[in-house]
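Derivation of every value follows stated rules applied to the coordinates shown; laboratory data play no part. These figures come from a predicted structure and were not determined experimentally. Cβ: placed from backbone, ideal geometry, glycine included. Neighbour counts: every protein chain shown.
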Amino acid sequence: MRREVLISFISVLISIKANALFIVGAYNDTSIIYLADSIQIDLEFNESIESNLELNLDSLVNLRYVKNQPDNLNIDTIDADSTVPDYPDSVYIERLAAIPTIVDLSYNRIVKNYIDVYAKKRRNTVEVMLGLSKYYFPIFDDIFDYYNIPNEMKYMSIIESALNPRAYSRARAVGLWQFMYGTGRVYGLEINSLIDERRDPIKSTHAAAKFVSDLYGIYNDWTLVIAAYNCGPGNVNKAIRRAGGKTNYWDIYYYLPRETRGHVPAFIAAIYIMNYYDQHNLKPAALDLSLFTDTVWVKKKLHFKQLEEVLGIPIKQLQDLNPQYLHDIIPADKNHYSLCLPVQYTGAFIDMEDSIYAYKDSVFFDPNKIIISPTSRNYASTTPLPPGNDYVKIEYTVKSGDNLGYISEWYNVRISDLRYWNNIRQNLIRAGQELTIYKHKSKASKYEKINSMTFTEKQAMIGKPVTNTENKTITREDYSGEYVMYTVKSGDNLWDIAKKYPGVSNTDIMRLNNISDPDKIKPGQKLKIKPKN
């Protein structure tokens, strides 16, 4: 539709705010803001969101299924023979108005700047996103429909991650939906050393849908939801208050954090380019990513190498379809986990499941590598094991008044080690109980006599003098353990004290005595020192 015809549908309302002039109206029940060409306004193309957008687009280049494109596309170089169309504002307004949506798709120069990024500056990476959308958008559509969220909200993933499940922002947000650690945990995503479900396309989308639904319950406005998704509802609420209670996104625009202002314009531009890419001579890239997949449940620990060697699935393909498993391991001990496979392999997995788990299991899950020492958390065995052949076992009989804190100090071991070695829960021990303690055989003799010492002697041994019944103070110097006690003299400092003992630094003394400020030692203070012979 020609610009003159379009403008005839617009009832004009002139509003001057922050040196800007807008012509506001309605067309096809869609709110449109047309920015008058002759008026100077803040055309800031927000550096922060542009930088994040560029970072996300750049990160696509490193994906295997992008590197291995059949056409071997050279990312972000425009073909000499291709044409890059440009259109007047009226065309963009008309096209945005034609998109079926309940989200306000306002148009202005800021939106136009983002459209130019997609349509001109980063054409080939946009073609990669178009190719990825064929895989991810059906997943998003199904989940968003379940939560009754508008279909078009899926385009948030474009500005959040450029459809890269491995996207990692400077703010340490992760995945397709860019969840921070805390928010991901709040919405039920498992995050640990082996699994990061922020990178799971299905589970992270469920979490994003719940988050978006919660935000809409607060604002009842989808553009404010998009802003709050980026900067949090607290910042949006502040912007509304500073704008005098106004809740239109463009009214609170200048009160939002700078890094959030571009979020809605970028979202509108993403919707535009994903619907009208063909009008800009863009086409979806053909990617080496299986579009037809199925999901199976893994019931035992499984390594991707087992699947590769038994079923012949390339490990890179497994990594692409299951980016949530950080080290190619599915740790299905107590819990079952999902595994996404190309559909042609699911039948073979079901038929050979037990054989796959058993294949080289002692190689991929070597118990000697899992149980490194008694100080590590051991999930493979409930029977505590000694640290190694160089350690010997020492027995200690619990006395009345003992606790694990005392015993760990006397033997210079961690409380967690004592619990592990003796299957102790909640630090509960009783008088007469026999405890097993492991010490290196080169030092064991220093600790064997502890079992026969009195409480006063044991405390004195670690530098905590106790007056006995004869009013005699027993100190650490009476025992030949690992530590010596130094009494601070007038004029001493930690650097000079450290020089008196071989291999000891002032930092060692501070750490051993819980000293945070080296200048705050005083005469008469007792310091525990561990010389290095």
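Once the Cβ-Cβ distance of K120 and D142 is raised to the sixth power relative to R0 = 30 Å, the FRET efficiency obtained is 0.35. Highest mean first, the peptides 161-171, 399-409 sorted by other C-beta atoms within 10 Å per residue fall in the order 161-171, 399-409. With the simple spin-label model, which puts each label point 7 Å out from Cα in the Cβ direction, the S490 to K283 separation comes to 9.1 nm. Proximity of backbone amide H atoms, modeled 1.01 Å from N, is registered between F179 and V174 at under 5 Å, excluding neighbours fewer than 5 places apart on the same chain. For W297 and K134, a Förster radius of 25 Å and the Cβ-Cβ distance give a FRET efficiency of 0.45, rounded to the nearest 0.05.
Rounded to the nearest 20 debye, the dipole size of segment 293-365 about its Cα centre is 200 debye, using +1 on the Cβ of Lys and Arg and -1 on the Cβ of Asp and Glu. For the pair S213 and K441, label points projected 7 Å from Cα toward Cβ lie 6.3 nm apart. Residues of segment 421-451 with an amide N closer than 19 Å to a point placed 7 Å from the Cα of D390 along the Cα-to-Cβ direction: 437-447.
Two decimals is fine: what is log10 I(q)/I(0) at q = 0.15, 0.22, 0.24 Å⁻¹ for segment 293-365, from a Debye sum with one equal scatterer on every Cα and no solvent? Log10 I(q)/I(0), no solvent term: -0.41, -0.97, -1.20. Ranked by how many other Cβ atoms sit within 10 Å of their own Cβ, fewest first, the residues W222, W495 fall in the order W495, W222. Note on K522: lysines with a C-alpha under 19 Å away, same-chain residues under 8 apart excluded, are K464, K489, K499, K500. For F364 and K449, FRET efficiency with R0 = 30 Å and r from the beta-carbon atoms, rounded to 0.05? FRET efficiency, K449 to F364: 0.10. Seen from N451, the other residues with C-beta closer than 12 Å to its C-beta sum to a net charge of -2, counting Lys and Arg as +1 and Asp and Glu as -1. Here's the list of lysines a cross-link from K443 could span, going by alpha-carbon distance under 20 Å and ignoring same-chain residues fewer than 8 apart: K393, K458, K528, K530, K532. If only the Cβ of Lys and Arg carry +1 and only the Cβ of Asp and Glu carry -1, the dipole of segment 168-282 around its Cα centre is close to 460 debye. Peptides 336-344, 173-181, 112-120 ranked from most to least packed, by the mean per-residue count of other Cβ atoms within 10 Å: 173-181, 112-120, 336-344. Taking the Cα centre of segment 225-329 as the origin, how large is its charge dipole in debye, to the nearest 20, when only Lys and Arg (+1) and Asp and Glu (-1) carry charge on their Cβ atoms? Approximately 660 debye in magnitude. Sorted on the mean count of surrounding Cβ atoms within 10 Å across their residues, most packed first, peptides 227-234, 286-293 read 227-234, 286-293. Distance between the C-alpha centers of segment 301-362 and segment 133-211? Whole Å please. When both Cα centres are located, 23 Å separates them.
Global size of segment 139-261: 14.5, 48 Å for Rg and Dmax (C-alpha atoms, Rg to one decimal, Dmax whole).
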